[in-house]
1. Within segment 338-350, can one find any residue that is touching a Gly at 6+ places or on another chain (Cβ under 6 Å), away from the ligand (no atom under 16 Å from the Cβ) and modelled with pLDDT of 95 or more?
2. For the structure I just gave you, tell me whether Ala309 is within 16 Å of Ile8 (Cα to Cα) and either crowded, with 16+ Cβ neighbours inside 10 Å or more than 8 Å from the ligand (Cβ to nearest atom) (or both).
3. Only one of (1) farther than 22 Å from Asp359 by Cα; (2) open to solvent by less than 50 Å² (accessible area, probe 1.4 Å) fails for Val72. Which number is that?
4. Based on this model, can you work out whether Leu209 counts as farther than 30 Å from Val125 by Cβ and assigned to a loop (DSSP other than H, G, I, E, B)?
5. List, please: which pairs have Cβ atoms under 6 Å, are six or more places apart or on different chains, and start with a residue in segment 83-95 that is without any contact (Cβ under 8 Å) to a residue 40 or more places away in the chain and end with one that is buried (at least 16 other Cβ atoms within 10 Å of the Cβ)?
6. If you go through segment 28-37 one residue at a time, do you hit one that is open to solvent by 40 Å² or more (accessible area, probe 1.4 Å), assigned to a loop (DSSP other than H, G, I, E, B) and away from the ligand (no atom under 16 Å from the Cβ)?
7. For the condition over 27 Å from Ala143 (Cα atoms) and near the ligand (Cβ under 10 Å from one of its atoms), what is the one hit in Leu61, Leu55?
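The values are calculated or read from the model by the stated rules, or taken from the named source; none is laboratory data. No experiment lies behind these values; they were computed from the predicted model shown. Methodologically, a virtual Cβ is constructed for each residue, glycine included, from the backbone with ideal geometry; neighbour enumeration extends over all protein chains shown. Ligands, DNA and RNA are excluded from the accessible area calculation, which covers all protein heavy atoms including side chains. Shrake-Rupley method; radii C 1.70, N 1.55, O 1.52, S 1.80 Å.
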Amino acid sequence: MPTSYDVIVIGAGTGGYVAAIRASQLGKKVAVVEKQKALGGTCLIWGCIPTKALLEHAHALKVVQNAKEWGVMIPYGAPAIDMKQVHTRKDKIVTGLTKGVEYLFKKNKIDWIKGTARLMGKGKVDVFEGDKQTLEAKEIIVATGSQPRSVPSVQIDHERIITSDEAIHLKEVPKSLAIMGSGAVGVEFASIYRRFGSEVTIIELLPRLVPVEDEAVSAELEKSFKKQGINVLTSTKVTKATASSTEVTIEAQGADGKPLSISASLLLVATGRGPVTTGLGAEELGIAMEKGYIKVDEMYRTSVPNVSAIGDVITLGTGVHPQLAHVSSMEGVIVAERLAGKPVQPLNYEHVPGCTYCDPEIGSVGLTEAEARQRGYDVRVGQFPFGVLGRAKMAGESEGFVKIVADKKYDEVLGVHMIGPRSTELVAEAVLALRLECTVEELIKTIHAHPTFSEAVAEAAHATHGAAIHM
Ligand SMILES: Cc1cc2nc3c(=O)[nH]c(=O)nc-3n(C[C@H](O)[C@H](O)[C@H](O)COP(=O)(O)OP(=O)(O)OC[C@H]3O[C@@H](n4cnc5c(N)ncnc54)[C@H](O)[C@@H]3O)c2cc1C
């Protein structure tokens, strides 16, 4: 294998592998250093793919549990989940996709260098796996991603106090599961294990679930979770967690300021993820860092020439950088194109779709109603419930709504927030609407097929003008 490249990418997650493919498509000689035994990083191995596979199992169980309503006969006993088969199917999906990335590397003549990379300066990267080898490149892209992290009061032991990495591999459905944090990871696992049969308690420090979403979405999710029998504790601060051989005792301060104690078979810590830079040699090379993240400019240049960084490991120094697979991939494309001398534009982080695959699903993009008001817009909103739609009734999925936040003066769509069936798919139309600076009127004039879930978007647009047709 050669030791000299145009571009070396460190990390083969959705940021790194996409950057590598794009750079290769543009004529660069590319190598990717990856320390795991498979390509694809967090998203393919521990994140997006296995969790959504589990959610599809939960959905299948939901349909079967309602068999009577669907006119499906199940002659013997109540339906239950078979975790062995769940994992077999999930692992088959994960392996198929990671092997797919390997195939794409071969197709694009990208070398996969197996091992752990360390930046050595002047375009040099040392790779450790058994022996050390030194590679050289004109450009280096760091895409080392993120890993779960806890809060100081809670020590993860990976057995009873676990992270999402363990939660996707549980061999048995826990009798009870407490979840700390109600971001995407927390509420997705709450949906999965509640449907599989666990008693689930979700503990959130802030006053509402999914705190980054529009307040109406948070309220709808809380309503649905409570209906499903999930115990929701908001404005609650975990102060201590102690594991024994059989359970975890969680001490917390409740919304009323009083102490409370919760026992559960397992505690899932879903309080966020921190950057992976240990042993990378970034600081030694003089790369500017912020709270462990690599600082980059809007074109993903670090403070050291010819070293770029993308994905979960970066901070742009302004606001929170979204740790999402599609964001890392888009950043990978931008960097690869910049290195190939193509004209590139900075990413508009206000147009990043947020998808949360809990039950009911959430899809959102742009400003929430509160954010739009804070920015001084003369805001008007329209909301339309899925339950009214024929398509939703057929699917037996009638929870939730689509809400549009618009500027009254120019009629511009500022944000779209949906919770309900297929919201993670429907949000794509809203992302395009924001990118094209679409007006509400244009959404109304766009023909939405019947009967579809997408009619909720059209109706929400009508509602924003005060005239929903079917309500
Ligand atoms: C449970 C869960 C569910 C998620 N669901 C979604 C979702 O539905 N949609 C979504 O958009 N996002 C989701 N995410 C987030 C998403 O997975 C990440 O944002 C995305 O994977 C980030 O990609 P990345 O390339 O920056 O880093 P990563 O995917 O973390 O990849 C980094 C890679 O670098 C390798 N590496 C690190 N250091 C070195 C080194 N020194 N040498 C060699 N290799 C190294 C690692 O082994 C890893 O493979 C989820 C995350 C989790 C945990």
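1. no
2. Working: within 16 Å of Ile8 (Cα to Cα): yes; either crowded, with 16+ Cβ neighbours inside 10 Å or more than 8 Å from the ligand (Cβ to nearest atom) (or both): yes.
Against the criterion (within 16 Å of Ile8 (Cα to Cα) and either crowded, with 16+ Cβ neighbours inside 10 Å or more than 8 Å from the ligand (Cβ to nearest atom) (or both)), Ala309 qualifies.
3. (2)
4. yes
5. Matching pairs, first to second residue: Val86/His57.
6. So the first thing to find is which residues in segment 28-37 are open to solvent by 40 Å² or more (accessible area, probe 1.4 Å), and the list is 28-29, 35-37.
Checking the rest, the ones that are also assigned to a loop (DSSP other than H, G, I, E, B) come to 28-29, 35-37.
Restricting the remaining residues to those that are away from the ligand (no atom under 16 Å from the Cβ) gives 28-29.
Yes: one or more hits.
7. Leu55 is the lone residue from the list that is over 27 Å from Ala143 (Cα atoms) and near the ligand (Cβ under 10 Å from one of its atoms).
Listed here are the residues, each with its yes/no results for (1) open to solvent by 50 Å² or more (accessible area, probe 1.4 Å); (2) part of a strand (DSSP E or B); (3) in contact with a helix residue (DSSP H, G or I) (Cβ under 6 Å, 6 or more places away or on another chain).
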| residue | (1), (2), (3) |
| --- | --- |
| Ala216 | no, no, no |
| Lys226 | yes, no, no |
| Val232 | no, yes, yes |
| Ala241 | no, yes, no |
| Ser245 | yes, no, no |
| Ile250 | no, yes, no |
| Ile262 | no, yes, no |
